[in-house]
1. What does the charge dipole of region 131-196 about its Cα centre add up to, to the nearest 20 debye, if the Cβ of each Lys and Arg holds +1 and the Cβ of each Asp and Glu holds -1?
2. Each residue of region 295-300 in order: what ³J(HN,Hα) in whole Hz does its phi give by Karplus 6.51 cos²θ - 1.76 cosθ + 1.60, θ = phi - 60°, with x for Gly and Pro?
3. Using only DSSP helix segments of four residues or longer, with each worth -39500 (n - 2.57), what per-residue ellipticity at 222 nm results for the chain after dividing by its residue count and rounding to 500?
4. Dipole of region 32-189 (Lys/Arg Cβ +1, Asp/Glu Cβ -1, origin at the Cα centre): which of Val156, Ala189, Gly43 lies farthest to the positive side?
5. Counting pairs of alpha carbon atoms under 8 Å apart in space and at least six apart in sequence, what relative contact order in percent does region 131-196 give?
6. Hey, could you pull the Cα Rg and Dmax for the chain, both in Å?
7. Within 10 Å, count the other beta carbons around each residue, average over each peptide in 187-193, 276-282, and list them highest first.
8. Using the Cβ atoms and a cut-off under 12 Å, what net charge is assigned to the surroundings of Leu261, where Lys and Arg are +1 and Asp and Glu are -1?
Amino acid sequence: MSGDRTALVFEGQGGDAAGIPAALDRDCPVCGEVLDEADAALGFPLSKVVFEGTPDELRQTAVAQPVLVTIGVAHARHLLSLGVLPAYLAGHSIGQYAALVIADAVDFADAVRLAARRGELMQAAVPDGVGAMVAVSGIELSEVLDACQEPRHLGVVGVACDNAPGRTVVSGTSAAVEAVVTACQDEGAVTVELPVSAPFHCELLTDAKNAFATALGDVTFRTPAISVVDNVTARPLRAGDDIPSLLSEHIVARVRFRESLELVAASGVVGEIVTCGPGHSLLKMIGKTAPGVRAVSFDRYMQERAPSSGGGH
């Protein structure tokens, strides 16, 4: 597949934290360089957390978010070093920060610091047990949105992620989310609670959104050199778009991932999507949303290249 028919899509939080240490090769020069940059930017050894942290530590939002950005950037830089020239970039939630780095819209050091601050604010915004996130599959977005209307007297609740046809995530106050889950199950949905430390992408994180806007104000952003499909608008970021404002809104807004993939697939210039980051949670979303586009994980892509590129990453 030629490079200009490739899109890179970056994993977000919520996957299997136990798989994070295997996502980077200690001996890969590109990976080592990115880890060193992350350690220097953050002022503590994130690399040690990646390889030695427990799954519980790696699931903590304040840790997981800079780790995911670091792994995503390392994978993408390795692909670029092999001659992959992506036509589109997109990320799922925190994955968008890695996309912005690869598009040269923000420096990696700034992005990883922002990811750490974002994670701290989101993790601290809601006390343990107050909120929840639940994946809902088997019914369409419109049905889940309808189910979210009834229990609002119990607290905040809404669709946090529109991941693929028939695959959404509900987020909010625990009691309200539980009521929505029951209503969705009555319609035949299958539901799974997500192992995250805060209810992302809902109004409970308004204070985090407002505080994060201050951190964003200290960072320089540039027009992306490669098309980045924004989570909030589900369209490519353009010159003149207020990226800090969108990233601030991103904390409470729905992740419009299905629409983003549909845009990439409809462009007519992408025949292959490579997912960057730990795990494979995005592959099923891509398969359901854009079945005409080949989707492959970074690891599988590297295995396929091994005979001509000389091995691993």
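1. So the magnitude is around 200 debye.
2. Here the 3J(HN,Hα) series is 10, 9, 6, 4, 4, 5 Hz.
3. Helices in the chain give a 222 nm mean residue ellipticity of -14000 deg cm²/dmol.
4. Of the options given, the answer is Gly43.
5. On the way: 131 pairs, mean separation 30.9, N = 66.
Once divided by the residue count of region 131-196, the mean separation gives 47 percent.
6. 18.5, 60
7. With the highest mean Cβ count within 10 Å placed first, the list reads 276-282, 187-193.
8. Cβ neighbours under 12 Å give a net charge of +2.
Read the figures in this text as sums done on the coordinates, not as results from a lab. Since the model is a prediction, treat every value here as computed from it, not as a measurement. No Cβ is skipped: glycine too gets one built from the backbone with ideal geometry, and neighbour counts run over all protein chains shown.
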